[in-house]
1. Starting from residues that are surrounded by fewer than 18 Cβ atoms within 10 Å (Cβ to Cβ) and touching a residue at least 40 places away in the same chain (Cβ under 8 Å), keep the ones in the stretch 92-108 and report whichever is nearest to Cys238 (Cα to Cα).
2. Considering the stretch 1-56 alone, what residues qualify as being in contact with a strand residue (DSSP E or B) (Cβ under 9 Å, 6 or more places away or on another chain) and among the hydroxyl-bearing types (Ser, Thr, Tyr)?
3. Restricting to the stretch 1-29, give me the number of residues that are in a loop (DSSP other than H, G, I, E, B), surrounded by 17 or more Cβ atoms within 10 Å (Cβ to Cβ) and either over 24 Å from the mean Cα position of the chain (by Cα) or in the same structural domain as Pro273 (by TED's automatic domain parsing) (or both).
4. For the list (1) modelled with pLDDT under 90; (2) within 21 Å of Ala203 (Cβ to Cβ), I need the number of the one condition that Phe255 fails.
Amino acid sequence: MTAPSPDQLLVLLEVSRAGKFTTAGETLGLNHTTIARKIAALEKALGGRVLARAAGGWELTPLGERAVGVAAQVADAVARLAPGADDPVTGVVRMTATDGFSAYIASPAVAELRREHPGLAVELVTVTRRALQQRSGVDIEVVVGEPQVHRAEAIRLGEYTLGMYASRDYLAQHGTPRTPEELARHGLVYFVDSMLQVDDLDAPRRLAPDMQDGLTSTNVFVHVEATRAGAGIGFLPCFMADRHGDLVRLLPDYFREQLPYWMVVRPDAMRQPAVAAVVGALRRKVAELRPVLMGNPEGTADDGG
């Protein structure tokens, strides 16, 4: 049995990050055949499979996770040899998060981090879904609700509050609902029920079951703008809605849903300085923004009548 080469390990490291041979090849400047050949040689050297087929790509096996741990050390050592490479927080970190979290929490957190570590790049994909069971190609996931995952580290980031909002113009035209029952006369602006993948986000259908859908979308920014435009009453994250002076929060004592943000990170990814730095930056930013995330009902009481 021959020892694996550093080159083979570095190829495995990139495949573990990208989830696909073609994407890893584009990053490394290698074709699909070369990537496959190096992975096959690595598996022969280690005496077992390092990758297994998963939905949409490849996932590390337990042997592959151990190999990637060594590969990350090799990559760090190589990076330290590059001119001016004193900063270990370099390279690409790939993450997914919800729309609002991405815009108002992740983006400023990454911007601050990149001022200290200009060699860092973050690829941020916005999705609202449960945590993946196979997370090939993703270093960090931020989801709503406690995730049920295996072979990954789940970290609770903090909570945020959602409430009912309407525009001042809408309330002037349609009247201000003073009780939950009066909401039945108004259309709901929220997620498309049949496409909602996160059970924790079912609050408006549970708290105001008689409300009919007015405008629904898979994007929370559409919820905010549709509510501002008078499409109905929106169930919105307070940290997004409270930015707009034309929105009024309704019945805050009754509609005050608090949901947790969780972060899921592959164990091998946490060993990478760049991933660990992004994780730390997200945790700090959530803690810093806690008062905003929790909402301020006193400042947006139902004064739209």
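1. Pass one, the stretch 92-108, residues surrounded by fewer than 18 Cβ atoms within 10 Å (Cβ to Cβ): 92, 103, 107-108.
Filter once more, so that each one left must be touching a residue at least 40 places away in the same chain (Cβ under 8 Å): 92, 103, 108.
On the way: Val92: 32, Ala103: 14, Pro108: 18 Å.
Among residues in the stretch 92-108 that are surrounded by fewer than 18 Cβ atoms within 10 Å (Cβ to Cβ) and touching a residue at least 40 places away in the same chain (Cβ under 8 Å), the one nearest to Cys238 (Cα to Cα) is Ala103.
2. Ser16, Thr23, Thr27
3. First, the residues of the stretch 1-29 that are in a loop (DSSP other than H, G, I, E, B): 1-5, 19-20, 29.
Those left that are additionally surrounded by 17 or more Cβ atoms within 10 Å (Cβ to Cβ): 4, 19.
Now narrow it down to the ones that are either over 24 Å from the mean Cα position of the chain (by Cα) or in the same structural domain as Pro273 (by TED's automatic domain parsing) (or both): 4.
Of the residues in the stretch 1-29, 1 are in a loop (DSSP other than H, G, I, E, B), surrounded by 17 or more Cβ atoms within 10 Å (Cβ to Cβ) and either over 24 Å from the mean Cα position of the chain (by Cα) or in the same structural domain as Pro273 (by TED's automatic domain parsing) (or both).
4. Tallying (1) modelled with pLDDT under 90; (2) within 21 Å of Ala203 (Cβ to Cβ), Phe255 fails exactly one: (1).
A quick yes/no check of all residues on (1) in contact (Cβ under 8 Å) with a residue 40 or more places away in the chain; (2) surrounded by fewer than 16 Cβ atoms within 10 Å (Cβ to Cβ); (3) not assigned by TED's automatic domain parsing to the domain that holds Gly100:
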residue: Phe255; (1), (2), (3): yes, no, yes
residue: Val265; (1), (2), (3): yes, no, no
residue: Pro273; (1), (2), (3): yes, no, no
residue: Ala277; (1), (2), (3): yes, no, no
residue: Arg283; (1), (2), (3): yes, no, no
residue: Glu288; (1), (2), (3): no, yes, no
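Residue-by-condition table, conditions (1) at pLDDT 85 or above; (2) farther than 20 Å from Thr216 by Cβ; (3) among the basic types (Lys, Arg); (4) in contact with a helix residue (DSSP H, G or I) (Cβ under 9 Å, 6 or more places away or on another chain):
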{"site": "Leu124", "(1), (2), (3), (4)": "yes, yes, no, yes"}
{"site": "Val138", "(1), (2), (3), (4)": "no, yes, no, yes"}
{"site": "Leu171", "(1), (2), (3), (4)": "yes, yes, no, no"}
{"site": "Gly187", "(1), (2), (3), (4)": "yes, no, no, no"}
{"site": "Asp200", "(1), (2), (3), (4)": "no, no, no, no"}
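The values are calculated or read from the model by the stated rules, or taken from the named source; none is laboratory data. Nothing here was measured: the structure is a model prediction, and the numbers come from that model. Cβ: placed from backbone, ideal geometry, glycine included. Neighbour counts: every protein chain shown.
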